[in-house]
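Chemist: Before we start, here is the structure in question, set down as structure tokens.
The values are calculated or read from the model by the stated rules, or taken from the named source; none is laboratory data. Quick caveat: nothing in here was measured; it's all calculated off a predicted structure. In this analysis, Cβ positions are derived from the backbone assuming ideal geometry, glycine residues included, and neighbour counts consider all displayed protein chains.
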Amino acid sequence: MIGFQAMPQSRAIYGHDEAATLLSCPTTKAILRTDEPETADWCSRQIGAREVVHEQIGTSTGPRELRDGFTMQPRRGIEPAVTVGEIQKLPALTGFLCVTGHDRAKVVFPYLQPIHRQPAFVARAKDNPIAADAKDRSAAAVATNALHQADVAVLETKGF
């Protein structure tokens, strides 16, 4: 799974060609809303294009009514299946699922409430265990120092 926020960010981190290679690897893509125009354009191209037919109507007029007429011509064209603007305006938790070899599908992901397994905040007890541990270490250091002083005194009395 690859997740990224913006194409310029991916290119800055991995370089132009490496980012393109990395992002072309997954065969399943979930595309959600992005406000960044370059990334939205990349997403639009990932979803693909569609062929559309528009009727083009032409009219002609002449000096007499008998020469007036109109024509209807089908005009075929290719346009993005989802425009950049549509990607930028997607509602929360809504996107497009692109699976290689299958049609693209608009999907809505349900919001799942988080499961609270632990309390959000646990206050420490009034007796701070870290401070108590520091006090114990301090007392141990004092005792060790006292033993050391006693050892030095014994050695001095023996002439060392």
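Chemist: Which pairs turn up if I take residues in the range 2-31 that are more than 14 Å from TRP42 (Cβ to Cβ) and look for partners that are part of a helix (DSSP H, G or I) with beta carbon separation below 8 Å, at least 6 apart in sequence or on another chain?
Modeler: Sorted first by the residue in the range 2-31, then by its partner, the pairs are ILE13/ALA19; TYR14/LEU22.
Chemist: Quick one: what pairs do we get from the range 81-105, first residue crowded, with 18+ Cβ neighbours inside 10 Å, second of a type in the set (A, V, I, L, M) and assigned to a loop (DSSP other than H, G, I, E, B), C-beta under 8 Å, 6+ apart or different chains?
Modeler: PHE96/VAL82
Chemist: Still on this structure, please answer the following. Looking only at the range 38-54, decide whether some residue is farther than 19 Å from ILE2 by Cα and of a type in the set (Gly, Ala, Ser).
Modeler: Yes, the range 38-54 contains at least one residue that is farther than 19 Å from ILE2 by Cα and of a type in the set (Gly, Ala, Ser).
Chemist: If I filter the range 113-123 for residues that are loosely packed, with under 10 Cβ neighbours inside 10 Å and under 16 Å from ILE47 (Cβ atoms), do I get at least one hit?
Modeler: From the range 113-123, those loosely packed, with under 10 Cβ neighbours inside 10 Å are 113-123; that's our starting set.
From the residues that got through so far, the ones that are under 16 Å from ILE47 (Cβ atoms) too are none.
Checked the range 113-123: no residue is loosely packed, with under 10 Cβ neighbours inside 10 Å and under 16 Å from ILE47 (Cβ atoms).
Chemist: Do the conditions hold for GLY58, that is, is it in contact with an Asp or Glu (Cβ under 8 Å, 6 or more places away or on another chain) and exposed (fewer than 11 other Cβ atoms within 10 Å of the Cβ)?
Modeler: no
Chemist: Next up: If the requirement is being touching a strand residue (DSSP E or B) at 6+ places or on another chain (Cβ under 9 Å), modelled with pLDDT of 95 or more and in the same structural domain as PRO37 (by TED's automatic domain parsing), which of these qualifies: THR94, THR100? Walk me through it before giving the result.
Modeler: Values: THR100 fails: modelled with pLDDT of 95 or more.
Just one listed residue meets the conditions, THR94.
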